[in-house]
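The values are calculated or read from the model by the stated rules, or taken from the named source; none is laboratory data. Computed from a predicted model, the values in this text were never measured in an experiment. For neighbour counting, all protein chains shown are included, and Cβ atoms are generated from backbone atoms with ideal geometry for every residue, glycine included. Accessible surface areas use protein heavy atoms only, side chains included; no ligands, DNA or RNA. Shrake-Rupley method; radii C 1.70, N 1.55, O 1.52, S 1.80 Å.
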Amino acid sequence: MNDMVGKGILKGLGVSLKRFVETYLDDLRWLGKRYRTDQGIAHRGSKDARGIFTVQYPEEKIPLPEEFRFLPFLVYDEGSKGEKTLRCTSCGICSKVCPPQCIWIVRSSDPATGRPIPDPAEFHIDAELCMNCGFCAEFCPFDAIKMDHDYELACFHRNLYDVTRLSKSAEYYASIRPANSQREDAARAAKAASRISQVE
Ligand code: SF4
Ligand code: SF4
């Protein structure tokens, strides 16, 4: 019995030693390209990898697929003079469909008449409660809320996001989700064109 255990330990150490040596051999084969490059990370995730195959986080990160989602953010469009306009109309649909109810919205109102204005005076998301489901982005009729790729949100206080923290440009959205952004831009342009043709 002891003999069998001894052989098992030796076999295990042999595997570790083989991986140790192969790591250096693979480093030489991929000189300068094995770490911190998308190519190198893909290689270490493939069946051809030898030696260590772990990702050296946080120095390097796994490239994210376009549909990866973490916390939502509010999209704003930028005018020719740099003015930022949130797409959000504070309709409240996202907060209604949010399963853990972690979105709070306060609609703006006209100070003179008291009538509601389609613009959020306040918009909060509690990142501690958000389950990253993406329902808010799916149901928003104005492409105003989208799922972000940023997942490094750890902090020492309650992670409550307000409008300022949530707002990101349409260019940023296009940079993380190019295919989605192009498709939605085309759909909005087609809708606008059909509205114009109906008026004419
Ligand atoms: S993000 Fe979209 S669904 Fe949510 S309140 Fe704004 S416009 Fe409505
Ligand atoms: S991703 Fe899901 S849980 Fe998070 S705010 Fe949107 S609807 Fe709510």
For this session: Could you list, in sequence order, all residues of the range 88-117 that are more than 10 Å from ligand 2 (Cβ to nearest atom), open to solvent by less than 40 Å² (accessible area, probe 1.4 Å) and part of a loop (DSSP other than H, G, I, E, B)?
Result: CYS88, THR89, SER90, GLY92
For this session: Evaluate the range 157-177: report whether one residue or more is in a loop (DSSP other than H, G, I, E, B), away from ligand 2 (no atom under 16 Å from the Cβ) and modelled with pLDDT under 95.
Result: yes
Exercise. Within the range 134-156, can you find the residues that are part of a loop (DSSP other than H, G, I, E, B) and within 14 Å of ligand 2 (Cβ to nearest atom)?
Worked result: GLY134, CYS140, ALA144, ASP148, HIS149, ASP150, TYR151, LEU153
Problem set entry | Filter result (in contact (Cβ under 8 Å) with a residue 60 or more places away in the chain, more than 16 Å from ligand 1 (Cβ to nearest atom) and open to solvent by 80 Å² or more (accessible area, probe 1.4 Å)) within the range 68-87 | GLU78
Exercise. Quick one: what pairs do we get from the range 125-150, first residue open to solvent by 60 Å² or more (accessible area, probe 1.4 Å) and within 14 Å of ligand 1 (Cβ to nearest atom), second of a type in the set (Val, Ile, Thr) and assigned to a loop (DSSP other than H, G, I, E, B), C-beta under 9 Å, 6+ apart or different chains?
Worked result: PRO141/THR89; PHE142/THR89
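Is it fair to say GLU59 is more than 32 Å from the chain's Cα centre (by Cα), modelled with pLDDT of 90 or more and acidic (Asp, Glu)? Break it down stepwise before answering.
Details: more than 32 Å from the chain's Cα centre (by Cα): no; modelled with pLDDT of 90 or more: yes; acidic (Asp, Glu): yes.
Answer is no for this residue.
Residue by residue, here is whether (1) loosely packed, with under 10 Cβ neighbours inside 10 Å; (2) farther than 30 Å from HIS149 by Cα; (3) in contact (Cβ under 8 Å) with a residue 60 or more places away in the chain holds:
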site	(1), (2), (3)
LYS7	no, yes, no
GLY14	no, yes, no
LEU17	no, yes, no
ARG29	no, yes, no
ASP38	no, no, no
ALA42	no, no, no
SER46	yes, no, no
ALA49	no, no, no
THR54	yes, no, no
